[in-house]
Structures are given as C-alpha cells and as structure tokens.
Amino acid sequence: MDKVYTIDLNELEDLEKEEIYDLLKESLHLPDYCGTNLDALYDALTEMGDCVINILDCKVQDSVEADNTKYINKIKKVFEDAAEINPCIDLHIISSLYLSRYLSLYDYEYKKGKHYLNASRRNPKRLVYTKSEKDFANMVADAVSCIVILDNEEDGEPKLLLSREYRYPTGHMLLSVPAGLIDDGDVEEDSSICFATTPAQRAAVREIREETGIKLTDKDIVKTVNPLVFSTPGMTDESNALVGVVIRSDINGQLTQDGAEGSEWFDGFEILTKDKAREILKKGVDDNGVFYSVYTCIALMYFVSDLWKED
C-alpha cells in the first residue's frame, strides 16, 4: 500500500498540545481545518481512506514518564477507536520489549489482539515493517557478507577465501565469509575507493581489510551479487547484502586477522579449491563436522557454479 503513515509517540512527549496536533496533521496529511482536540482527531481519522498507520510506542526500559504521558496514551486510544470504526485504516501498534544498540525485540500488534514478535538490528524509526513499498524497495541492508575469490597467477587455480570465526549463539568456530554491519559512513560516497559504488560495496572493502588484511585495489572486481536478502524472516528483519569480490592483485604477505575488534574471534583461514568447496557443500559440514551459516553455503554455491565469472 502506498499510503503508509508512522507516528512515533516519543516525538510527542516534549511538545505542547497545539504542537502535537500540528505534527499529527502534517504526518497524516489531515486537512488544515482539523481541530486541536481528541474529538477532532477522531473525526478526521474515521474519514480517512485506505492507509496503513503505524504507531510506535517504544520506550527504553525504566525511562522516566513525560509530563504529558497520560494525554499521549489518550491519543493512542483515539487511533485504536477510530480503526475499529473505519475499516480503511490498517492500524499497527509497535511496542518495544527490549532495546539495545545492536539487537532489539519488538511486539507487533498487527491486528487488535493479534501479536507477532520481531528481533531486529534496527531502531524503531528504521524498522522494515513500517516502510512504504517505495522505501522498502530502496532500503540499505543491515550488513554485508562478502564472497572473496582469489583469481591471480600467484595462486594458480581460483580459490574461495573463508575464515573460521567464533559465533557466540552457536558456541562453535564456524566456517565463515568476511562480514559486518553497514555503517553510516559507508552510505556516503568515497572517492578514494571509486571501484566500490554502493554502501554495501564500500562496507565490503572495509570488512575485508579488517578481517583478512587484504587491501583491495582497482585491479580487483567488486560487484553486488544481491543488494538485500533476509536471513530468517520468520523471526527477524535482519538483512544482508551479498557482495562478490574477485581478487586479481598480489596479496602476498597481506593475510592477517589482527584487525578483529570487540567480540570478534578468529582462528585462521580456509582457502578452498573448487573440488574442496564442492565436497563441503555435499557434506553439509566442514572438515571438523561443524555446520556453517547460510551465507557460507551461498558463497560455496556461488563459487563452484562459476557465477562469479559472469558479467
């Protein structure tokens, strides 16, 4: 649906009454003559055409209530009451159960009395659930996963570069691709890496340097395999961009994992021939009998299928 409106109740906390209604009228495209009281808001909502209205009611735990919290709750109730009367309004109430910098848990009341939980890397204002079709089509993924293929004379036949990284939720060292979050800085254009033209590609250049020590040059090929894929959309809106990197430059002496930061924990590299990659794909586990991630599986398939050779 094209008409998607999102109201963040937190934004109303520091506003005076008239300012609250000015913001609501602007956000919902209500007529200027709409009054500045609960009854007028209710009347305007009951006359709205087909639309989705997302109400963000997301607060940090133990946060102090604002002076006008009770009034804001009344506004929320007006939206709920109007949606019951007006079938054109598809009302979603989004509440936070837990908020943190890297992972949060949300409750989506997608219909009155019906709830769905979503784990997300995104703050309330950036949730995928609240996006219009246009915004959904143009959004940037949360992170990038890199498929790194060594294809130069020094290495002979082409090989796939993977690493062993400890993944805390699994309790094991997993066969992994270089990967990491796409930062705000990656969204900005950077003339120093002209061979990487998108946020995901710029993040890939950075993550490969940090996790493998390899400094990509314009001799190497950096291309988007898929701009955004969801990892487990039944539980989370987490998304990754897939970036393929074919290294043609000399990387002799560059491989290192000293760039690991924070909770990152690596234990060496795996450089696979096509035959070895095919063997691991067939077994479904690595040489240590350990399962690997879906992104490693994609990297193995992309490599052995020679898709990386296509323009």
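Scanning the range 63-98 for residues that are over 24 Å from residue 40 (Cα atoms) and open to solvent by 50 Å² or more (accessible area, probe 1.4 Å) returns 63, 64, 65, 97, 98. Can you spot a residue in the range 199-207 that is free of Cβ contacts under 8 Å to residues at least 24 places away in the same chain, under 25 Å from residue 119 (Cβ atoms), open to solvent by 10 Å² or more (accessible area, probe 1.4 Å) and under 16 Å from the mean Cα position of the chain (by Cα)? No - not one qualifying residue is present in the range 199-207. One residue alone among 239, 192, 163 is touching a Ser or Thr at 6+ places or on another chain (Cβ under 6 Å) and small (Gly, Ala, Ser), and that residue is 163. Residues in the range 281-311 that are over 18 Å from residue 225 (Cβ atoms) and among the polar types (S, T, N, Q): 288 only. Pairs needed: first member in the range 49-76, under 19 Å from residue 99 (Cβ atoms) and of a type in the set (Asp, Glu); second member anywhere, modelled with pLDDT of 90 or more and open to solvent by less than 20 Å² (accessible area, probe 1.4 Å); C-beta distance under 8 Å; at least 6 residues apart or different chains. Here the result reads 57/9; 57/93; 57/94, each pair linking the range 49-76 to a residue that is modelled with pLDDT of 90 or more and open to solvent by less than 20 Å² (accessible area, probe 1.4 Å). Among the residues making up the range 211-240, a single one is over 24 Å from residue 102 (Cβ atoms), under 19 Å from the mean Cα position of the chain (by Cα) and surrounded by 19 or more Cβ atoms within 10 Å (Cβ to Cβ): 225.
Output the residues belonging to the range 267-311 that are charged (D, E, K, R), open to solvent by 80 Å² or more (accessible area, probe 1.4 Å) and touching a residue at least 40 places away in the same chain (Cβ under 8 Å). Passing the criteria: only 267.
Checking each residue in the range 156-175 for being touching a strand residue (DSSP E or B) at 6+ places or on another chain (Cβ under 8 Å) and either over 18 Å from residue 102 (Cβ atoms) or open to solvent by 60 Å² or more (accessible area, probe 1.4 Å) (or both) picks out 158, 159, 160, 161, 162, 163, 164, 167, 172, 173, 174, 175.
Suppose the filter is buried (at least 17 other Cβ atoms within 10 Å of the Cβ) and closer than 20 Å to residue 120 by Cα; does residue 263 pass it? For residue 263, the condition - buried (at least 17 other Cβ atoms within 10 Å of the Cβ) and closer than 20 Å to residue 120 by Cα - is not met. Taken together, the criteria place residue 129 among residues that are open to solvent by 40 Å² or more (accessible area, probe 1.4 Å) and either touching a His at 6+ places or on another chain (Cβ under 8 Å) or β-branched (Val, Ile, Thr) (or both). Counting only residues that are open to solvent by 40 Å² or more (accessible area, probe 1.4 Å) and either in a helix (DSSP H, G or I) or more than 15 Å from residue 142 (Cβ to Cβ) (or both), the range 179-194 holds 9 of them. Considering only residues in the range 55-107 that are among the basic types (Lys, Arg) and either part of a helix (DSSP H, G or I) or within 25 Å of residue 169 (Cβ to Cβ) (or both), the one that is modelled with the lowest pLDDT turns out to be 101. Looking only at residues of the range 204-220 that are part of a loop (DSSP other than H, G, I, E, B) and not aliphatic (A, V, I, L, M), we find that the one that is farthest from residue 249 (Cα to Cα) is 213. Residue 92 meets all of the listed conditions (1) in contact with a Phe, Trp or Tyr (Cβ under 9 Å, 6 or more places away or on another chain); (2) farther than 30 Å from residue 181 by Cα but one, namely (2).
Looking across the range 248-266, the residues that are touching a residue at least 12 places away in the same chain (Cβ under 8 Å) and more than 27 Å from the chain's Cα centre (by Cα) come down to 248, 249, 250, 251, 252, 254, 255, 256.
The values are calculated or read from the model by the stated rules, or taken from the named source; none is laboratory data. Keep in mind that this is a model prediction, so the values were computed, not measured. Using ideal geometry, Cβ is built from the backbone for each residue, glycine included, and neighbour counts are taken over all protein chains shown. Ligands, DNA and RNA are excluded from the accessible area calculation, which covers all protein heavy atoms including side chains. Shrake-Rupley method; radii C 1.70, N 1.55, O 1.52, S 1.80 Å.
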